[in-house]
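Heads up, the thing below is written out as structure tokens.
The values are calculated or read from the model by the stated rules, or taken from the named source; none is laboratory data. Predicted model only: the values in this text are computed from it and were never measured. Please note: Cβ atoms are built from the backbone with ideal geometry, for glycine as well, and neighbour counts cover all protein chains shown. To get the accessible areas, we keep the full protein, side chains included, count just its heavy atoms, and leave off ligands, DNA and RNA. Shrake-Rupley method; radii C 1.70, N 1.55, O 1.52, S 1.80 Å.
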Amino acid sequence: MKLTTDRIKKLATASGFDLCGVTSVEIIPEARRHFYDWLEQNYHGQMAWLERHSERRADPSLLLDNARSVIMLGLNYYRPDTENPSTDGKIFGRVSRYARGKDYHKLIRRLTEELIYRIKKELGPTASDEFKWWVDYGPFLERAYAEKAGLGYIGKNSMLINRQFGSWIFLAEIVTTLALEPDDPKAVNHGRCASCRLCVDACPTGAILPDRTIDSRRCISYLTIERPTEIPDEFARKMGDLIFGCDICQEVCPHNGRAVVTSQKEFGPKYGVGEFLDTEQVIGMANRDEFLKLTAGTPLTRPQPEGLKRNARIVIENFNSNPRRE
Ligand code: SF4
């Protein structure tokens, strides 16, 4: 049986995804150039793993023999913020929205495998088409391919912005030998950034550069999650209550004004650490078991106990020097 792009989208919705678009495996020259320039400028900081397989990252046809199409998938994770409850006696650090519930990789893996199962079932037992998939850690310029597949456009803050969900979306991708009709990226043009620069001005560490470029070495998400060593004082003082990740450039974006709360209960606080971490509890973790008791099954394992404790110490210092967060 031959599957159409429309049918693939219906199967993606039935599998639990909020967004689905299709594009070809062809190289996107502008994205490729942008990626290599970014690496050359060392904007990736200490994320040396981004240098590995850089050619495959920029050319999905190298990821699977006879690859023809890329199916781009999106899942809304938005949940609203509440006020930080810190007092003089108890200081809390804020966790980025994407990390408050269960590790999204696990949920998206389940949904993607479900989608591939449904596609294969419709293709029938004699079909020999192949599928390989990734969720954000794979060698893939996923935002560029999501834009080309019509899921949204890449804003000045480098996030993919969708008309319906704003930028609060996780992305996943399936590279396949199926020859599918590509979507038209122009169909989702919804105004782009135009003269807006709210995110550029709001970023406390000046990490957003021209041409949709992020200098990770200044980005609070990178500093609190990926950087293994001490955070330079000039950036630490700008972190405020952020103990893991940062949503500032997304919070100020007008396209996020229409964000809708995710329907995925596993992104809720019951399945992870929630919106705030008690800094005293983090600093008091005596060993790795205690660290895993707090973070296992969530994205917060990434910075290791030392990184999370370092962040907690900064949040305490920031609170004590500016308790009203002015
Ligand atoms: S805040 Fe403004 S400039 Fe930044 S991504 Fe959103 S629309 Fe674009």
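Given Cβ point charges of +1 (Lys, Arg) and -1 (Asp, Glu) and nothing else, what value in debye, to the nearest 20, does the dipole of the range 198-321 about its Cα centre take? Mind dumping the intermediate values first?
Details: 15 positive and 18 negative charges, 53 e Å.
Rounded to the nearest 20 debye, it is 260 debye.
³J(HN,Hα) across the range 235-252 via Karplus (A = 6.51, B = -1.76, C = 1.60, θ = phi - 60°), whole Hz, x for Gly/Pro?
For the range 235-252, the Karplus-derived couplings read 8, 4, 5, 8, 6, x, 9, 7, 9, 7, x, 7, 10, 4, 5, 8, 4, 7 Hz, x marking Gly and Pro.
Can you give the extra length, in nm with one decimal, that the chain gains between Glu181 and Asp65 once fully stretched, where that is 0.36 nm per residue apart less the Cα-Cα distance? Write down the numbers at each step before the final one.
Numbers: separation 116, 0.36 × 116 = 41.76 nm, distance 1.92 nm.
This chain segment gains 39.8 nm when fully extended.
With +1 assigned to the C-beta of every Lys and Arg and -1 to the C-beta of every Asp and Glu, and no other charges, what is the dipole magnitude of the range 174-271 about the Cα centre in debye, to the nearest 20?
Roughly 180 debye, rounded to the nearest 20.
About its Cα centre, what dipole magnitude does the chain give when the only charges are +1 on Lys and Arg Cβ and -1 on Asp and Glu Cβ, stated in debye to the nearest 20? Kindly include the intermediate steps, with their values, before the conclusion.
Working: 47 positive and 45 negative charges, 124 e Å.
Roughly 600 debye for the chain.
Find the centroid of the Cα atoms in the range 265-299 and in the range 108-177, then give the distance between the two in whole Å.
Computed from Cα coordinates, the inter-centre distance equals 29 Å.
Using a cut-off of 24 Å between alpha-carbon atoms, which lysines can reach Lys2, once sequence neighbours fewer than 8 places away in the same chain are excluded?
Lys10, Lys120, Lys121, Lys132, Lys148
With label points built 7 Å along Cα→Cβ from the Cα atoms of Ser54 and Gln164, find their separation and express it in nm.
3.7 nm
Angle, helix 304-321 long axis vs. longest principal axis of the chain, Cα atoms, 0 to 90°, nearest 10?
The angle comes out near 50 degrees.
Any chance you could run the full-extension gain for Ala296 through Thr229? It's 0.36 nm times the residue separation minus the Cα-Cα distance, nm to one decimal.
Numbers: separation 67, 0.36 × 67 = 24.12 nm, distance 2.20 nm.
Roughly 21.9 nm would be gained on extension.
If amide hydrogens are placed 1.01 Å from N in the peptide plane, which non-local residues have theirs closer than 5 Å to the one on Ile231?
Here nothing satisfies the definition.
Looking at the range 198-321, how many pairs of lysines come closer than 27 Å at the Cα, when each pair is eight or more places apart or spans two chains?
Values: Lys238/Lys309; Lys265/Lys293; Lys270/Lys293; Lys270/Lys309; Lys293/Lys309.
Final tally of qualifying lysine pairs is 5.
Between Arg212 and Lys90, what is the FRET efficiency for a Förster distance of 30 Å, r being their Cβ-Cβ separation, to the nearest 0.05?
Values: r = 40 Å, r/R0 = 1.32.
Once rounded, the FRET efficiency stands at 0.15.
Give me the distance between the Cα centres of the range 46-64 and the range 300-319, rounded to whole Å.
30 Å
What does the helix-only formula give at 222 nm for the chain: each DSSP H stretch with n ≥ 4 adding -39500 (n - 2.57), the total divided by the residues, and the result rounded to the nearest 500 deg cm²/dmol? Could the numbers behind the result be given before it?
Working: 11 runs with 99 residues, N = 326.
The helix-only estimate for the chain comes to -8500 deg cm²/dmol at 222 nm.
Using 0.36 nm per residue of separation minus the Cα-Cα distance, give me the extension gain between Arg197 and Lys270 in nm, one decimal.
Computed gain between Arg197 and Lys270 is 22.7 nm.
Step through the residues of the range 121-129 one at a time and calculate ³J(HN,Hα) from phi using the Karplus curve (6.51 cos²θ - 1.76 cosθ + 1.60, θ = phi - 60°), rounding each to whole Hz and writing x for Gly and Pro.
After applying 6.51 cos²θ - 1.76 cosθ + 1.60, I find 4, 6, 5, x, x, 8, 5, 10, 5 Hz.
So what is the accessible area of the range 228-326 per residue, in Å², with the probe set to 1.4 Å?
Working: 5180 Å² over 99 residues.
On a per-residue basis, the range 228-326 sits at 52 Å².
If you take every DSSP beta bridge whose two residues both sit in the chain, what share of them, in percent to the nearest 5, is antiparallel? Present the calculation step by step, with values, prior to reporting the outcome.
On the way: 27 of 29 bridges.
Counting DSSP beta bridges with both partners in the chain, the antiparallel share is about 95 percent.
Of all accessible surface on the range 198-321 at a 1.4 Å probe, what whole percent is carbon and sulfur? Walk me through the intermediate numbers first.
Details: 3040 of 5740 Å².
Looking at the range 198-321 in its full context, I get 53 percent from C and S.
From the phi angles alone, apply the Karplus equation (6.51, -1.76, 1.60; θ = phi - 60°) to the range 170-184 and give each ³J(HN,Hα) in whole Hz, x where the residue is Gly or Pro.
Going residue by residue, I get 7, 10, 9, 9, 10, 9, 9, 7, 4, 8, 10, 5, x, 6, 9 Hz, with x marking Gly and Pro.
Looking at Thr295, Val200, Gln46, which one has the Cα that reaches farthest to the positive end of the dipole of the chain (charges on Cβ: Lys, Arg +1; Asp, Glu -1)?
Checked the options; the winner is Thr295.
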